[in-house]
Every structure is written in C-alpha cells, then in structure tokens.
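I have placed the structure first, in the form of structure tokens, so that the comments after it can refer back to it.
The values are calculated or read from the model by the stated rules, or taken from the named source; none is laboratory data. Please read all numbers here as calculations on a predicted model, not as lab measurements. All Cβ positions, glycine included, derive from the backbone under ideal geometry; neighbour counts span all protein chains shown. Please note that ligands, DNA and RNA were not included when accessible areas were found on the heavy atoms of the full protein model with its side chains. Shrake-Rupley method; radii C 1.70, N 1.55, O 1.52, S 1.80 Å.
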Amino acid sequence: MRTGEVTTAGRRTWTWLTWSRWLPWLPALLLVAAAVAPLVLYWLGNVDDQRLVDLDVYRTGGEAVLEGRSVYGFVTPAPQLLPFTYPPVAALLATPLAAMSWPAAQWAWTALIFLTLAVTVGLSFRALLTGTGTQGATPARPGGLGWAGGLERLRGMDRLWAPLLFAVLMIACTYLMPIRDQVRFGQVDILLVALCLADCVARRPVWPRGMLIGLATAVKLTPGVFLIYLLIAGFGPGARRERRDTFLIAALTAALLTLLPFVVIPADAADFWFRALLDPERLGANAATTNQSMRGMLIRLYLPDVLTSLLWVALVAVVAWYGFRHARRALLDGHPVAGVALVGLMAVLLSPVAWIHHLAWVVVVLGALAGDGRDPVRVRVAAGVWLYYVLPIPWWGVTIKAAEIPVLSPVLGKIVQNGFGLGALFLVWLLGVWLPRRRAAFQALR
C-alpha cells in the first residue's frame with residue numbers, strides 16, 4: 001500500500017472518530033433547547049416595559065458612555081425607573097450591547113446566559129459527568145451492586161450517557177428560581193459565577209489564574225469575597241506559591257480595571273465611588289422580599305435601625321469566620337468545588353443587598369453535594385436542595401402574611417418569606433460540616 005493511501009485511510013478514521021465522539025451531543029443540545037424554549041420565549045415575549053429590565057440598565061449605561069452622558073445620572077423609562085448601580089468599568093464593558101439593536105441585544109444576552117450556565121454546570125458537576133472525584137475515581141463495590149454498580153454500567157456507555165446527563169442537569173438548573181430570574185431580568189450573575197468557578201477549578205487554564213476573579217470583582221464588587229478566599233488559602237499553613245500568585249493576579253486585575261475608568265470616564269468614576277456607591281437605596285427597596293441577604297432578613301424584622309445594624313455586623317463576623325474557614329478547609333482537602341460553593345454563599349449572605357437571582361451559586365452547591373454520584377444519600381440531598389430552590393418559597397411567605405391569620409401569619413409568614421436566605425445559611429452548614437462527615441462515613445462503608 002502506498003503512503004498516500006495510508007494517509008487517506010488515517011484521515012477517514014480520524015474524521016469518523018471525531019464525528020462519533022461529538023454526534024451524541026446533538027440530540028442532547030436539542031433536548032435542552034426544547035426544554036428551555038418555553039421559558040425563553042415567555043420572557044422575551046413579555047411586554048416591553050417588563051422585558052429583561054436589568055439588561056436594559058446595562059445597555060443604557062453603555063449608551064451613556066458612547067454619548068458622553070452621565071452613567072449615574074439616568075434611570076430607565078417608567079415604570080421601572082432603574083439606575084445604573086454597577087462600577088464604571090461595567091458601563092465600559094456594556095458598550096457592545098449599546099451598539100446592537102434592542103432585539104439583537106436581548107437574544108445575544110440570553111444566549112450568553114445559557115452558554116455561561118453550561119460552563120457552570122460542566123465544571124460544577126464534572127465529577128458526576130466523568131465518574132471521577134476531585135482526587136480520582138472511587139472504586140466501585142465488588143460485583144458492581146446497588147446504586148454504584150448501576151452508575152458504573154451507565155458510565156460504560158459514556159458516549160451516550162455523558163451528553164444525556166449533561167442535558168438533564170442543564171434543564172434542571174435552568175428551572176431553579178435564581179436561574180429563571182437570570183432569563184427574566186437579563187441578569188449578569190451566572191456569568192460572574194462561571195468566571196469565578198472557572199478560575200478556581202479549571203485544570204489547565206489558558207489565562208493567568210486569578211484574572212477572571214479580578215474581572216468579576218471589578219464588574220460587580222460582591223465577587224470580591226473570592227479575594228478573601230484566595231488570601232486566606234494562599235498564605236499561612238499549607239499554602240502553596242501558586243495560590244499566592246493567584247491572589248496577587250486577581251487583586252492586580254481588579255485594581256487595574258477599577259482605575260481604568262478614571263482615565264476613560266473620570267467624572268463617572270468619581271461619581272460612583274464617592275456618591276452612588278454610598279447610597280444603598282439606589283439598589284432598590286432593601287426591605288423587599290427579593291433581598292435575601294442577612295441584612296435584608298433583619299430589616300424585615302423592623303427593629304430600630306441601630307439595633308439592626310449592630311445585629312448585622314455581628315452576624316457578618318460570625319458567618320464570615322465560619323464560611324471562609326470551611327471553604328479553606330475544603331480546598332486544602334482537595335474539594336475546590338465545595339470551597340467555591342461556600343464562598344459564593346458568602347457573596348450572598350454578607351452583602352447588604354442580595355436579590356434572589358444572586359443565588360445562582362446554588363448550581364455550584366448542587367454540584368458539590370452530588371459529587372461523583374456514587375453516594376445515594378448525597379444525591380438525594382442534592383435533589384432536595386434543587387427542589388427547594390425551584391419553588392417560589394419567599395413569595396409563599398408573602399401570601400401567608402397577607403392572609404392575616406392571628407399569630408400564624410406574622411411568625412410563619414416572615415420565616416417563609418426569608419426562606420431562601422435561611423436556606424443559604426443552612427447550606428453553609430451542609431457544605432462545611434455535613435458534607436465532610438458524609439464523605440468520611442461513605443468511605444468507611446466501602
């Protein structure tokens with residue numbers, strides 16, 4: 001056989017192997033598209049003044065930059081009347097949205113939401129999708145019996161199994177209430193989740209590790225909790241040089257992107273840092289049900305302002321100490337997804353204002369809880385958490401309060417109204433205490 005014939009045969013074999021590897025993903029993607037289409041079409045078909053209202057804020061901020069108007073001096077048209085609340089670098093990054101037509105921006109942004117959700121799902125559930133834990137695969141029970149054995153048999157069909165499971169996970173995560181609100185409002189949170197998660201758990205990043213966290217922090221301040229995480233993980237006992245480098249790169253990136261607007265749009269940069277940032281009411285009614293931060297829950301108790309502030313500061317100190325300590329331990333024990341999930345919950349709980357859509361970190365929590373899928377108890381707990389955050393529980397609390405049933409409505413209604421924030425506090429314990437104990441117990445059983 002001549003060399004040319006061998007080359008041609010090899011090329012055909014390679015082409016077939018490539019197609020056979022990627023072809024099973026086509027029906028999986030079609031399944032995802034069919035399942036999420038009702039949600040997308042519903043919100044993108046909403047009336048104009050209710051459609052992707054946060055995206056409208058981003059785009060209008062980009063327009064203000066391009067037209068030389070004040071970024072922090074406008075509000076969107078009635079009835080929303082929403083101001084631009086992000087740091088000035090976010091307005092610079094929003095200029096491509098301003099260059100698009102409004103319909104094109106809606107579809108492009110919605111596509112970006114699902115793309116970054118796919119990245120988040122892929123990284124959060126990597127152990128489940130690949131059949132390996134953070135530190136390698138866990139051997140199956142002898143004989144492949146029970147849940148673990150069934151999972152192993154499915155993994156033997158990985159060309160079909162992995163795309164199908166990914167599609168199921170994508171659909172399940174799409175219908176979490178915090179993710180539904182990403183589509184409803186055109187929010188940026190899932191993009192920030194994907195940036196921070198990728199920076200922490202990507203195995204061979206093509207970017208300097210830490211750069212994406214710095215970018216996310218510069219765009220929306222609350223991811224700055226990851227700077228604390230990198231700081232405490234990168235210094236002290238058990239620290240490694242690469243973690244210190246990651247912290248330094250993240251801090252430098254955030255600083256440079258924060259200073260950049262002082263060169264490009266100096267008046268807006270000064271306006272944000274010395275005026276707009278100090279006005280919490282720009283973010284909306286802090287006592288609203290959608291504010292599920294610890295401060296939001298305290299405000300809804302309607303205690304004296306001084307007492308509310310003192311309680312909040314005390315809770316922030318306690319929860320931060322607890323959450324960051326367990327996040328560092330998770331990282332050092334070789335479970336970075338759990339560490340990221342804990343820090344993401346800190347971004348919600350410690351912030352003065354955290355709307356329901358900020359809880360997009362629940363996707364990472366579910367991935368950490370499910371692990372590689374071999375422990376049925378962990379899978380059932382993850383399923384329970386998923387169901388909890390699918391249901392509109394805080395709004396049930398509003399309904400209970402409105403019923404005005406003596407004793408029941410004021411007490412039960414307020415607890416249920418704070419359901420997602422209280423749930424986030426429970427998840428901190430679940431990830432920090434229960435999950436390590438469950439890992440140890442399951443390993444002992446095997």
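Of all residues in the range 22-40, those satisfying the criterion of being assigned to a helix (DSSP H, G or I) and either within 21 Å of A78 (Cβ to Cβ) or touching a residue at least 40 places away in the same chain (Cβ under 8 Å) (or both) are W25, P27, A28, L29, L31, V32, A35, V36, L39, V40.
If I filter the range 389-413 down to residues being open to solvent by 40 Å² or more (accessible area, probe 1.4 Å) and in contact (Cβ under 8 Å) with a residue 60 or more places away in the chain, which single residue comes out as farthest from L342 (Cα to Cα)? For the range 389-413, the residue satisfying everything is V398. Here F272 fulfils each of the conditions (1) of a type in the set (F, W, Y); (2) more than 23 Å from the chain's Cα centre (by Cα); (3) open to solvent by 30 Å² or more (accessible area, probe 1.4 Å) apart from (3). All of T120, T76 fail the test of being of a type in the set (S, T, Y) and either more than 30 Å from A370 (Cα to Cα) or surrounded by fewer than 22 Cβ atoms within 10 Å (Cβ to Cβ) (or both), apart from T76. Within the range 185-204, the set of residues being part of a loop (DSSP other than H, G, I, E, B) and at pLDDT 95 or above comprises G186, Q187, V188.
Across the range 163-187, the qualifying residues are those that are among the β-branched types (V, I, T) and open to solvent by 10 Å² or more (accessible area, probe 1.4 Å), and the one among them that is farthest from V363 (Cα to Cα) is V168.
Conditions tested, residue by residue: (1) part of a helix (DSSP H, G or I); (2) open to solvent by 20 Å² or more (accessible area, probe 1.4 Å); (3) polar (S, T, N, Q).
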| position | (1), (2), (3) |
| --- | --- |
| G61 | yes, no, no |
| V65 | yes, yes, no |
| R69 | no, yes, no |
| L81 | no, yes, no |
| T85 | no, yes, yes |
| L92 | yes, yes, no |
| A105 | yes, no, no |
| A108 | yes, yes, no |
| A111 | yes, yes, no |
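Restricting attention to the range 49-101, the residues that are among the acidic types (D, E) and without any contact (Cβ under 8 Å) to a residue 24 or more places away in the chain total 1. Checking each residue in the range 316-338 for being part of a helix (DSSP H, G or I) and surrounded by 19 or more Cβ atoms within 10 Å (Cβ to Cβ) picks out G323, F324, H326, A327, R328, A330, L331, P336, V337, A338. All told, M211 meets the bar of being open to solvent by 60 Å² or more (accessible area, probe 1.4 Å), of a type in the set (A, V, I, L, M) and in contact (Cβ under 8 Å) with a residue 24 or more places away in the chain. If you filter the range 282-302 down to residues that are more than 30 Å from L66 (Cβ to Cβ) and open to solvent by 60 Å² or more (accessible area, probe 1.4 Å), you find that the one that is nearest to the chain's Cα centre (by Cα) is A285. Here is a check on your reading of the model: is D279 among the charged types (D, E, K, R), surrounded by fewer than 16 Cβ atoms within 10 Å (Cβ to Cβ) and closer than 26 Å to P410 by Cβ? Criteria not met by D279.
Exactly one residue out of A233, A285, A255, A251 is outside any helix (DSSP H, G or I) and either modelled with pLDDT under 90 or out of contact with any Pro (no Cβ under 9 Å at 6 or more places or on another chain) (or both): that is A285. Scanning the range 339-382 for residues that are basic (K, R) and either in contact with a His (Cβ under 6 Å, 6 or more places away or on another chain) or crowded, with 24+ Cβ neighbours inside 10 Å (or both) yields a total of 1.
Taken over the range 41-52, the criterion of being in a helix (DSSP H, G or I) and crowded, with 18+ Cβ neighbours inside 10 Å is satisfied by W43 alone.
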